[in-house]
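Data first, discussion second: the structure below is written as structure tokens.
The values are calculated or read from the model by the stated rules, or taken from the named source; none is laboratory data. Predicted, not measured: the structure shown is a model, and the values here were computed from it. Every residue, glycine among them, receives a Cβ derived from its backbone with ideal geometry; neighbour counts consider all protein chains shown. Areas reflect the complete protein model, heavy atoms only, side chains present, ligands, DNA and RNA absent. Shrake-Rupley method; radii C 1.70, N 1.55, O 1.52, S 1.80 Å.
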Amino acid sequence: MSSSVLGSITIGYEALWDQWRKRMGVRLWLDPDSSSAVDATHLIESLQELWPASREICLLHARTPSLLADLLDHSSAPNIWVEVPEHWLNDALLAGRVRKAQQRGVKLVWCGEPGERPQADMAQWFHSTMLSLTPAQALGALRAALQRSQDGSSAASRPPESPVQSGQLYELLASQALVEHALDQQHVRAVSGWPAEEVLYAYRYRQIQPARQALLDLVKAIDADESLDALEHAMGREPLLCYRFMRFANSAALGLRNEIGSLRQALMTLGYSRLRAWLMEHLPHASADSNIDPIRHNMVLRARIMEHLADAGVEDELRREVFLCGVFSQVDVLLGENLGAALHRLPLPGRVASAVVGQTGPYAPWLEVAAALEGRNTKVIREVCRAHQIPADEVNRALLRALAQH
């Protein structure tokens, strides 16, 4: 792996979600450092080495025409797709590279402005399209979704027309209703990004519960007598469950003499039998709302990125502390209450509270960098990394390893 290539580029990410609200790929925003050129061959080799997830799509969105041209010339891996903006196709040389890349078998994705479609003579070059809706199209899609829900599944009723095209990729769908229409009714391939605020708004008058599947997975792991590491990792995939388990471990009902400050300590202290009984108590109230899953996933991914940003020499206990810092940094959105008050109920190390609530302390830079990576604003990512003097290659390596792990 070439460290220099990862140090010459800024990368942001956005997950691609399928009909089952599972991550089927990641969209990477690639912004070269203006002071150096990016070796596309080595960049692709680094992506494959750090994230050899052939089952997922790695969709590359270059921020400069020169980088796009190099990616088109050197991409070959079947799981690495290359996004091509419509406004750059006016360049005849770039359009020629697109055509040649398609002939070599490179998976190309067209993207354009809301409401745009690829030109008929170029559409054949693209494996898929990344579409977005104009306000008028969004309104039409919502009307179609509403009419279908009112008509039900009657075969006699003619499905209303929708501007959302099946089998394509969509971005910038700002509401839960639009996402559900696209994924569940129109069967698009995937959506880029997730309307987290809109989804959470639906829970403003009721409490979010831990995911039912996460509880079942943990019970299954206990019954299979899996290792403590496996249980800790499984528990860590559900932030709300982590929080409630930590509160339970420190509750007066258990009467433990010492405070429990980590998941590992809680698991070791309570044991498998007591954990299983506690999980079974939560099962009847567990949530099956898959629209929350992308929100949970992104929270845990932030924590995994922070883990990898931590120095390699950090001991395991501190690494677990960094993970809790990341996974609890947004737990307030699931709890529906003030973040400071929520963390005050747990005997967490002061370093965690300082970073999450006060944006200070040794973990604060990692938290700010991990949060900045969650989107397409590569300028902000670069500024945050420079402000905390964290090299780009360390950040990009941490991001890619976290994506591969999660």
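Positive-end ranking of Leu279, Ile260, Gln330 along the dipole of region 182-333, with charges on Cβ about the Cα centre, is headed by Leu279. Computed from the alpha carbon atoms alone, the convex hull of region 183-237 holds 149 Å³ per residue.
In the chain, the longest principal axis of the Cα atoms and the axis of helix 239-249 are about 0 degrees apart. For the chain, carbon and sulfur atoms together expose 49% of the accessible surface, with a 1.4 angstrom probe and every protein chain in place. Inter-label distance, Glu315 to Arg99: 6.4 nm, where each label sits 7 Å from its Cα along the C-beta direction.
Charged neighbours of Arg320, selected by a Cβ distance under 14 Å, balance to -3 (K, R count +1; D, E count -1).
Entry note: region 266-406 has Rg to Rh equal to 0.99, where both radii use alpha-carbon atoms and Rh is the Kirkwood radius. About the centre of its Cα atoms, region 344-406 shows a dipole size close to 60 debye [charges on the beta carbon of Lys, Arg (+1) and Asp, Glu (-1) only; nearest 20 debye].
Per residue of the chain, the DSSP helices (runs of n ≥ 4 H) give a summed -39500 (n - 2.57) that works out to -14500 deg cm²/dmol at 222 nm. If both residues of a DSSP beta bridge must be in the chain, then about 30% of such bridges are antiparallel. If you take the square roots of the eigenvalues of the alpha-carbon gyration tensor of region 1-129 and sort them as a ≥ b ≥ c, do you get rounded (a/c under 1.5), prolate (a/b over b/c) or oblate? Cα axes put region 1-129 in the oblate bin.
Around Asp293, with a cut-off of 12 angstrom between Cβ atoms, what is the net charge of the other residues, counting Lys and Arg +1 and Asp and Glu -1? Net of charged neighbours comes to +3.
For the chain, the direction-averaged projected area of the alpha-carbon convex hull comes to 22.4 nm². Model label points for Leu216 and Gln119, set 7 angstrom from Cα along the Cα-to-Cβ axis, are 5.1 nm apart. Straight-line reach from Lys22: which lysines have a Cα under 21 Å away, not including same-chain ones fewer than 8 places off? Leaving aside lysines fewer than 8 places away in the same chain, those within reach of Lys22 are Lys220. Provide the FRET efficiency to the nearest 0.05 for the Asp91-Lys379 pair, computing r from the beta carbons and using R0 = 35 Å. For Asp91 and Lys379, the calculated efficiency is 0.90. Computed over neighbours whose Cβ is under 15 Å from that of Asp223, the net charge equals 0, Lys and Arg +1, Asp and Glu -1. Each Lys and Arg Cβ is given +1 and each Asp and Glu Cβ -1; about its Cα centre, the chain then shows a dipole of about 660 debye. The residue list Leu89, Ser76, Ile44 was ranked by how far each Cα lies along the charge dipole of region 1-113 toward its positive end, using unit charges on Cβ atoms, and Ser76 comes out on top. Put simply, when 374-382, 221-229, 257-265, 4-12 are sorted by average Cβ atoms within 10 angstrom per residue, most first, you get 4-12, 374-382, 257-265, 221-229.
When you count the other C-beta atoms within 10 angstrom of each residue and take the mean per peptide, 289-296, 383-390, 236-243 line up highest first as 236-243, 289-296, 383-390. Sequence-distant contacts, meaning Cα pairs under 8 Å at least 6 residues apart, place the relative contact order of region 287-386 at 24 percent.
Take region 43-153 with all the other protein chains still there, run a 1.4 Å probe, and you get 48 Å² of accessible area per residue. Using only the alpha-carbon atoms, how far is helix 263-282 inclined from the longest principal axis of the chain? Give it as 0 to 90 degrees, nearest 10. The two axes meet at around 80 degrees. The alpha-carbon positions of region 45-201 define a convex hull whose volume is 147 Å³ per residue. For the chain, the longest principal axis of the alpha carbon atoms and the long axis of helix 316-327 meet at an angle near 60°. If you take the Cα centroid of region 348-403 and the Cα centroid of region 48-96, the two points sit 27 Å apart.
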